[in-house]
1. For residues that are in a strand (DSSP E or B) and without any contact (Cβ under 8 Å) to a residue 12 or more places away in the chain, scanning just the stretch 22-66, find the one that is least open to solvent (accessible area, probe 1.4 Å).
2. Out of curiosity, is residue 18 closer than 24 Å to residue 6 by Cβ, small (Gly, Ala, Ser) and assigned to a loop (DSSP other than H, G, I, E, B)?
3. Could you check the stretch 100-134 and list, in sequence order, the residues that are under 13 Å from the mean Cα position of the chain (by Cα), assigned to a helix (DSSP H, G or I) and charged (D, E, K, R)?
4. Which numbered condition in (1) touching a helix residue (DSSP H, G or I) at 6+ places or on another chain (Cβ under 8 Å); (2) farther than 13 Å from residue 140 by Cα is the only one that residue 48 fails?
Amino acid sequence: MSVAARLAELGIELPEVAAPVAAYVPAAVHGGLVYTSGQLPFTAGTLPATGKVGAEVSVEDAQGYARTCALNALAAAALAAGGLDRIGGVLRVGGFVASDPSFSGQPGVINGASEVLGEIFGDAGRHARAAVGVAVLPLDSPVEVEVTFILA
């Protein structure tokens, strides 16, 4: 099944690629891979929330934002690769969680990204991963995710 068909089956519509907030491109292709820049959970051009997970932002909401970040990354990768069906799978996910100092559940938050990629790609969505707590992210976003995709 094609990636586009799988997204349709899941009822997932990819967003427009978010404009970079600094001097970089949303994704770059090299050597059979597509590397995405860190993606924030932009929805219709705006962040749905700001602040630290474990304080102003709930774990459940942060998981949803990580999911949105992963879908934004897939949209950026598809644009860079020349089409959605040129994306064959996922190699690695890097997740960053703006965390209250007492919060230690970063892996659970980044599961929001990992799980949606697994739903979309099946076994080809299994990936290596890092989930890192940080003091602050760009624009005070609670979550940022970067993904390395494999070309089909």
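1. The initial filter retains those residues of the stretch 22-66 that are in a strand (DSSP E or B), namely 27-30, 33-36, 39, 43, 46, 53, 57.
From what's left, without any contact (Cβ under 8 Å) to a residue 12 or more places away in the chain: 30, 46.
Working: 30: 130, 46: 80 Å².
So the residue we want is 46.
2. Values: closer than 24 Å to residue 6 by Cβ: yes; small (Gly, Ala, Ser): yes; assigned to a loop (DSSP other than H, G, I, E, B): yes.
Here the answer is yes, as residue 18 does meet what is asked.
3. Scanning the stretch 100-134 gives a single hit, 115.
4. (2)
For (1) touching a residue at least 24 places away in the same chain (Cβ under 8 Å); (2) open to solvent by 30 Å² or more (accessible area, probe 1.4 Å), each residue gets a yes or a no:
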residue	(1), (2)
93	yes, no
96	yes, yes
101	no, yes
109	yes, no
116	yes, no
119	yes, yes
125	yes, no
129	yes, yes
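The values are calculated or read from the model by the stated rules, or taken from the named source; none is laboratory data. What you are looking at is a predicted structure, and each value in this text was computed from that prediction instead of being measured. Don't worry about glycine lacking a Cβ; one is built from the backbone with ideal geometry, like all the others, and counts go over all protein chains shown. These accessible areas exclude ligands, DNA and RNA; they are computed on the full protein's heavy atoms, side chains included. Shrake-Rupley method; radii C 1.70, N 1.55, O 1.52, S 1.80 Å.
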